[in-house]
Structures are given as structure tokens and as C-alpha cells.
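What follows is calculated from the coordinates using simple rules that are stated; it is not laboratory data. Predicted model, so just to flag it, every value in this text is computed and none were measured. Glycine also receives a Cβ, built like all others from the backbone with ideal geometry; neighbour counts cover every protein chain displayed.
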Amino acid sequence: MNIIDSAADIKIYNYKTKEMHCEKALVWIRNDTETLTCLGDECVDAYKTLPESDKQNMTLIAPIALGKIVDYANAERLIRYMVKKYIDGAGGKRRIFRRSSRALLVLHEPCSEIEQKAYEDLVYKIGYKGGVSVINSETKLYDITHEEAIIHAEETSGKLDCAIEITKNEPKKYAECAFEIFKSNCKRWGVDPENLYGNI
């Protein structure tokens, strides 16, 4: 399974500037020193340009894959970095106070109660201790888009500092990854997938 294809896209909306930013959910770690090399979209650029010899001493990690947190520490590191870059440091000026101690969390993929709680705890841990409002895959949006729901969320949720959206810009990549996982599981179980669903 391709790490980049399985990685979520993290969007962050600044309620003060009304700007939306997006980064790929990727972290690159140097193996010999266990130090962080790059985060987010920088990982994609580095992956395309670095020679194979340099990549051998690096580990590319997707801390949020197929909509789920699979590496909590690096997921926290990545989202904290995005909040610092796009919210706390918006406009090139470091702010002293946050607009609100509350944030909106938007989860496109179905999550169990435990998986959603992990996201909520992460957002709390990075400083949003006033509470987290959640839009998940079961939330009825009544014919409005997720983007519209984010923009107008303050009308029902009160003042917010930012919205953190876990999504996938190219859903086909998720489908391809999920299909590879399905085939791998069938092989492990000794099940022929064609006997389940016909010719797939």
C-alpha cells in the first residue's frame, strides 16, 4: 500500500482570516537520529526529489491514514504544527491570545466512538480546552457542503478559533488502498474474493 495514497489530507480553517489551508498527513523521520526531517506537503516534495540513497535512512509515516489516527504522537505533532503555522502565525505575526478556546473537528470517514475520542483528545491536548464541536460522517448537513457547514458553524456552535478537517482530496486513492487491504486480508484468511462478490 502506497503511504502517500493512504495519507489523509488535513484542512484547517481560520475563523478570523476566513482562510482554508491544506497539508498532506505525512511525517518524515531520519532513522539514525530519530529526528523529524519534514512535515506535511514538504514530505511529498522531498519524496519526489530526494535520491533513493537518501531515502534509505528515512521513514515516511502517515500518522492519519484512511481517516483514522494510526500514530497518535506524530498526528499530534502534525496538527500542532498546522495550528501554529496557519492559526497562531497567520499573516506572519505571532498572536498572543487565541480568538477562542474552542475548535471544530470535521471527520469525513466513519469512526468508532473510541477513534473519534482519540481525535477529540488530540485537539484538546494541542490547546483547545474550551471544548470541541464535531461534524462526523453521521452528521446530517441538510444539503449543504462540508465547507459551508464549517464556515457557518459559529451560528450553532458559538465562537470558534479554527476548524480541523480530516478528509481526502482524491477519494479514489482511499478506494485503491482499501481494496489492497481487502485482498491482503482475503489471502491471509485463505478466502478467494471472487467467491464472495464474483469477479472483482
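Extension gain for Glu34 to Asn169 (0.36 nm times residue separation, less C-alpha to C-alpha distance): 45.6 nm.
A simple charge model with +1 on the Cβ of Lys and Arg, -1 on the Cβ of Asp and Glu and nothing else charged puts the dipole of segment 63-200 at about 900 debye relative to its Cα centre.
What FRET efficiency, computed as 1/(1 + (r/R0)^6) with R0 = 25 Å and r the Cβ-Cβ distance, is obtained for Leu141 and Glu176, rounded to the nearest 0.05? Mind dumping the intermediate values first?
Values: r = 27 Å, r/R0 = 1.06.
Efficiency at R0 = 25 Å is approximately 0.40.
Give the range of the longest stretch in the chain that excludes all GluC sites (Glu not before Pro) found in loop regions by DSSP and having at most 10 other beta-carbon atoms within 10 Å. All intermediate terms of the calculation are to be shown ahead of the outcome.
On the way: sites that count: Glu34, Glu138.
Here the longest segment lacking exposed loop sites spans 35-137.
Between the listed residues His146, Ile164, Gln56, the Cα displaced farthest toward the positive end of the dipole of the chain, a dipole computed from Cβ unit charges relative to the Cα centre, is found at Ile164. In order along segment 168-174, phi translates into HN-Hα couplings of 9, 5, 10, x, 4, 5, 4 Hz, rounded to whole numbers, per the Karplus curve 6.51 cos²θ - 1.76 cosθ + 1.60 with θ = phi - 60° and x for Gly and Pro.
Kindly identify segment 3-185 as rounded, prolate or oblate by the Cα gyration tensor criterion: order the square roots of the eigenvalues as a ≥ b ≥ c, call it rounded if a/c is under 1.5, otherwise compare a/b with b/c, prolate if a/b is larger, else oblate. Judged from the Cα gyration tensor, segment 3-185 comes out oblate (a/c at least 1.5, b/c at or above a/b). Phi angles across segment 27-34 convert, under the Karplus curve 6.51 cos²θ - 1.76 cosθ + 1.60 with θ = phi - 60°, into 3J(HN,Hα) values of 9, 10, 10, 7, 5, 5, 10, 6 Hz, Gly and Pro given as x.
Neighbour counts of other Cβ atoms within 10 Å put Lys117, Lys93 in the fewest-to-most order Lys93, Lys117.
Please arrange Met20, Met82, Met58 by counting, for each residue, the other beta carbons lying within 10 Å of its beta carbon, fewest first.
Values: Met20 15, Met82 22, Met58 18.
If I rank by nearby Cβ atoms, fewest first, I get Met20, Met58, Met82.
Amide H contacts of Asn136 (H built 1.01 Å from N, in plane; Pro and chain starts excluded): Leu107 sit under 5 Å, all sequence-distant by 5 or more or on other chains.
Amide hydrogen proximity for Gly131: with H placed 1.01 Å from N in the peptide plane, the residues at 5 or more positions away or on another chain lying under 5 Å are Ala103.
Using the structure shown, select from Lys85/Lys183; Lys16/Lys168; Lys85/Lys140; Lys18/Lys125; Lys24/Lys125 the pairs with a Cα to Cα distance greater than 28 angstrom.
Values: Lys85/Lys183 39 Å; Lys16/Lys168 25 Å; Lys85/Lys140 31 Å; Lys18/Lys125 24 Å; Lys24/Lys125 21 Å.
With Cα atoms farther than 28 Å apart: Lys85/Lys183; Lys85/Lys140.
Close amide H partners of Val70, meaning residues 5 or more places away or on another chain with modelled amide H under 5 Å apart, are Ile64, Ala65.
Which percent, nearest 5, of DSSP beta bridges in the chain are antiparallel? Display every interim value, and only then the final one.
On the way: 23 of 33 bridges.
Bridges in the chain are about 70 percent antiparallel.
Evaluating 6.51 cos²θ - 1.76 cosθ + 1.60 at θ = phi - 60° for every residue in segment 50-66, the Karplus couplings come out as 5, x, 4, 4, 6, 5, 5, 9, 10, 10, 8, 10, 9, x, 10, 10, 6 Hz, glycine and proline recorded as x.
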